[in-house]
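The values are calculated or read from the model by the stated rules, or taken from the named source; none is laboratory data. What you are looking at is a predicted structure, and each value in this text was computed from that prediction instead of being measured. A quick note on method: Cβ atoms are made from the backbone with ideal geometry, for glycine too, and the neighbour counts reach across all protein chains shown.
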Amino acid sequence: MIKLVVLSLNSGNLIDGFPNVTARLGKPGNLYMQFLGHLPPAPEIPQLLRNWRLLYEALYQYGNQSGIRSGIEIVESGITNISEGEFSDICEGLETAINTWLNTEGFRKIDLQLRTQLKPSEQVRVIVESDDSQVWKLPWHLWQFFQDYRHAEIALSTPEYPSPIFHLRETVKSKVKILAILGNSAGIDVEKDQNLLRKLPNVELTWLVEPNRQQLNDQLWQEGWDILFFAGHSSSGSDATNGRIYINQHSQNNSLTISELELALSHAVHKGLKLAIFNSCDGLGLARDLAVAKIPLPPMIVMREPVADRVAQEFLKYFLGAYASGKPFALGKPFHIAVRQAREQLKGIEDEFPSASWLPIICQHPAVIPLTWAELGGKYPDRRKTNLIALILKFTALFLVGLISSYLSFGFKIAPFVNEFGLKSHHNGQLLMAQQYYHLAAFLDWNYPQPYYNLGWLCDESLNDSKCAIQSFKQAAIRGLPDAYAELARLEMKQNNTEAVLKYTSECLNHTQYNGVKAACLKNRGWARFKQERFDEAEVDLRSAIALSENSPHSYCLLAQILERKGNKEESLAVWKNTLRYSKYNVPEEDECIGFARQYLQAKGNTQ
């Protein structure tokens, strides 16, 4: 199942920041999780974007400008002798600035939550909602999240949109209907686009070559288009609005805006248009204008900047190769994966066309699910077969449940006794036997947390298996044992994972009523804040932990070190003494503290 993340920046901009950022996670129609955060001002990013675009245009200006698919001339920037090395430096600077911004404290917790809930192997569509033109121009694919999640891709949307259009599935359909518009092609070679479309499997192509307005309008009013394709010149305003396509080379009436096509495009969407590809320059204005017109956007591919003819052709080749597969009704890749793959394949020509892989971007309605190539052609799973299989599986499951229910009906009564056998075996050093008892107790009562907790201690103390320990304590925690959160925080702290420590201590404090457990959690949070050099906050936590449980040598040890750092020598001496006074647990971190305490007290001429 493909996961969906909708990242709403709400009101704000890069100069003033975004005070209310919301991330929703789930699938279309069921975004079942929500995380809140904020983003600070980042005034350096708009300047870097402006500098990047000046250098980008300068490189193309002194290259092959005649092959740019733009309806306007690239303005002379005044920059001469630009080198690709300088351009590479500003690309790296922009990437660093974006990731620094997205790694600030207010947004890091959203990033952490997404990483906690999503597996790197999952397919993820990330849609950024914003009205800010600078946000639309950002190369979001540079976010480190997309480097770690190789099956994720970015898309853009405005924060306001109408209800999506849901079309009935046409199971008897055999061909994908494409309206292919070849507009003003002065200086560019649209014949290559034409040839690529002709090679697609099971398509019904309708060509409009340099049409006038009425011809284009009439075709959009025809029913049943699956894909709208445009190749030629286009442009957008500097604020990523006022999109315009150039449809012919006439001296007058040679271009159209979205507002001039609004009714025809709206009709096409309501009658089945499922995908639009604008293989032309500066397409952000086209997408934003469609959204402002309250047309429920089908998935669209546009180019965010002026694009060289060769780049547009290569992208189309790579995208169709991944999406349509070249075989009749082959599954192909999901839409967003095909776009990402094609975009990344453009890196192969970036020695000739710098930043080519930055240009393609998806714009779409957040609730619309992009179809596969096979689904565009009407090839959906056979629901009768699917329902029959589901019915067989259901009855099989019921049979198995009935078969074992008589055995498991008393499992919850037996599980505590089996767990006790495990504890006795553990105490006697019979580690393998103890491990088997804990597993059996967990099997007998899947909701019983104690065997998981005991197994965590076995793996940590006796088997030195931190992975097993963490997994076992997690299972105990989700079954309602708050003590396990304290142990998870302790193990994560040993790996210097302070963000996870703060997360687990927060869960611990929210779920326990026992002072001893609270003390352990406060001690762990104080430990994490000590590592972060947040000494005042750490001191408060550690004093609170000691107030709840005064016999914790590790709490005294950490507090003594903080008092040393803050120059409070007299009180630290008494706290070091308490470290030794209460040392009775043979665990590594406390043993280390005992060593610190003895060294300090011996140096001061004090012994205990």
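Computed values, structure above
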item	result
Filter result (surrounded by fewer than 23 Cβ atoms within 10 Å (Cβ to Cβ) and touching a Lys or Arg at 6+ places or on another chain (Cβ under 9 Å)) within region 263-285	Ser266, Gly272
Index of the failed condition, Glu492 passing every other in (1) crowded, with 22+ Cβ neighbours inside 10 Å; (2) touching a Cys at 6+ places or on another chain (Cβ under 7 Å)	(2)
Residue in region 513-523 that is touching a residue at least 60 places away in the same chain (Cβ under 8 Å), assigned to a helix (DSSP H, G or I) and not assigned by TED's automatic domain parsing to the domain that holds Asp111 present	no
Subset of region 195-210 (residues that are closer than 18 Å to His233 by Cβ, crowded, with 18+ Cβ neighbours inside 10 Å and not charged (D, E, K, R))	Leu208
Among (1) within 37 Å of the chain's Cα centre (by Cα); (2) farther than 20 Å from Glu571 by Cβ, the one test that Asn515 misses	(1)
Given (1) in a loop (DSSP other than H, G, I, E, B); (2) of a type outside the set (Asp, Glu); (3) closer than 30 Å to Arg115 by Cβ, index of the condition Leu491 fails	(1)
Region 1-28: number of residues that are in a loop (DSSP other than H, G, I, E, B) and surrounded by 19 or more Cβ atoms within 10 Å (Cβ to Cβ)	3
Test for Gly232: is it at pLDDT below 95 and over 30 Å from Val124 (Cβ atoms)	yes
Residue list for region 29-83, restricted to those being part of a loop (DSSP other than H, G, I, E, B), more than 30 Å from Gly187 (Cα to Cα) and either at pLDDT below 90 or β-branched (Val, Ile, Thr) (or both)	Gly29
Evaluation of Gly567 against (1) part of a loop (DSSP other than H, G, I, E, B); (2) closer than 21 Å to Tyr485 by Cβ (one fails), failing number	(2)
The one condition in (1) surrounded by fewer than 20 Cβ atoms within 10 Å (Cβ to Cβ); (2) in contact with a Cys (Cβ under 9 Å, 6 or more places away or on another chain); (3) of a type in the set (A, V, I, L, M, F, W, C) that Leu112 fails to fulfil	(2)
Region 341-366, subset in contact with a strand residue (DSSP E or B) (Cβ under 9 Å, 6 or more places away or on another chain) and in a loop (DSSP other than H, G, I, E, B), residue surrounded by the fewest Cβ atoms within 10 Å (Cβ to Cβ)	Glu352
Selection within region 289-304 - part of a loop (DSSP other than H, G, I, E, B) and either in the same structural domain as Asp132 (by TED's automatic domain parsing) or surrounded by 21 or more Cβ atoms within 10 Å (Cβ to Cβ) (or both)	Ile295, Leu297, Pro298, Pro299, Arg304
Close pairs from region 322-342: first not assigned by TED's automatic domain parsing to the domain that holds Pro299 and at pLDDT below 95, partner surrounded by fewer than 22 Cβ atoms within 10 Å (Cβ to Cβ) and assigned to a helix (DSSP H, G or I), Cβ under 9 Å, at least 6 apart	none
